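Each remark here refers to the structure printed beneath this line.
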Amino acid sequence: MFSFNMFDHPMPRAFQNRFSTQYRCYSVSMLAGPNDRSDVEKGGKIIMPPSALDQLSRLNITYPMLFKLTNKNSDRMTHCGVLEFVADEGICYLPHWMMQNLLLEEGGLVQVESVNLMVATYSKFQPQSPDFLDITNPKAVLENALRNFACLTTGDVIAINYNEKIYELRVMETKPDKAVSIIECDMNVDFDAPLGYKEPERHSHHHEEPAEEDTDPSNYEMDLGFRAFTGSGNRLDGKTKGIEPSPAPIDPSDIKRGIPNYEFKLGRITFMRNYRPQARRIEEDDAGNNFIAFSGEGQSLRKKGRKP
């Protein structure tokens, strides 16, 4: 007798533990129930049916559970985690931004496969709007938003919610692979210039050094500062009398030219003060040197006279 067994060779363990199935996908807004599930829109995780959990537990899938989503019609793929197993059978619920990346419509078919991804060490994002620069600390905002994500895929456009506004960011680069896991990892984050951002124009100021001129006082600018007794008087009755005095012309010799500071250093402020000799102190010192004790004369309030 001859026996024939087509399964003489055991199947590889990696193939046995692989989860792969198709679901009809819908956005989270189509999820029936009294509770608001807007938290699903703020992250990168999906909701799957309970049968998927039963099948995954029998396959001994490694944790955390990560999945590869593929739209075979458009050949688009992304990666995600799972949030809950409460969807109806044959249906899975995806965030709206994930359906846009996969070019899926409501009720479209998506292939769900279990995968193992490497832990992320670096990622680079490009904001899709210059409005992202208005955030005070964008790196801290992104770090807080990525706590709702399980993995990142190069080329995806993720959406984060901050201050009641949706910001979209494109994943430009991830290391060490094009798809990485960001659960319990130490990842360096970098930003590219936002889409449509234009750097402000810098106006170059050309400072031309003034040519040396003759030190002729007549070439100096006239001092238009305060001059004493150059005003005109006004009467209470409003009448004018006489000729209003005109300020006397300034003699060029009266113009005082500043003394340059030859010890000027960049980044150092020097307060220049005019030096005036203290003549009064010198006079007091001269008077102190000529002082002689008990050299004064006494005075009496009552004048003494000779009696007649």
Note on segment 180-199: residues small (Gly, Ala, Ser) and open to solvent by 60 Å² or more (accessible area, probe 1.4 Å) are GLY196
ILE166 fails exactly one of (1) without any contact (Cβ under 8 Å) to a residue 12 or more places away in the chain; (2) open to solvent by less than 20 Å² (accessible area, probe 1.4 Å), namely (2)
Q.
Would you confirm whether or not segment 64-82 contains a residue that is hydrophobic (A, V, I, L, M, F, W, C), open to solvent by 80 Å² or more (accessible area, probe 1.4 Å) and not in a loop (DSSP other than H, G, I, E, B)?
A. yes
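A quick yes/no check of all residues on (1) loosely packed, with under 13 Cβ neighbours inside 10 Å; (2) in a strand (DSSP E or B); (3) modelled with pLDDT under 90:
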| site | (1), (2), (3) |
| --- | --- |
| SER3 | yes, no, yes |
| PRO10 | yes, no, yes |
| PHE15 | yes, no, yes |
| CYS25 | no, yes, no |
| ALA32 | yes, no, yes |
| LYS42 | no, no, yes |
| ALA52 | no, no, no |
| TYR93 | no, yes, no |
| TRP97 | no, no, no |
Across segment 99-140, the tally of residues that are among the polar types (S, T, N, Q), assigned to a helix (DSSP H, G or I) and touching a strand residue (DSSP E or B) at 6+ places or on another chain (Cβ under 6 Å) stands at 1
The one condition ASP177 fails out of (1) closer than 30 Å to ALA52 by Cα; (2) open to solvent by 40 Å² or more (accessible area, probe 1.4 Å); (3) part of a strand (DSSP E or B); (4) of a type in the set (Asp, Glu) is (3)
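The values are calculated or read from the model by the stated rules, or taken from the named source; none is laboratory data. Note that the structure is predicted; figures quoted are calculated from it, not measured. All Cβ positions, even for glycine, are placed from backbone atoms using ideal geometry, and neighbour counts span all protein chains on display. For the accessible areas, the whole protein counts, side chains as well, though only heavy atoms, and no ligand, DNA or RNA atoms are used. Shrake-Rupley method; radii C 1.70, N 1.55, O 1.52, S 1.80 Å.
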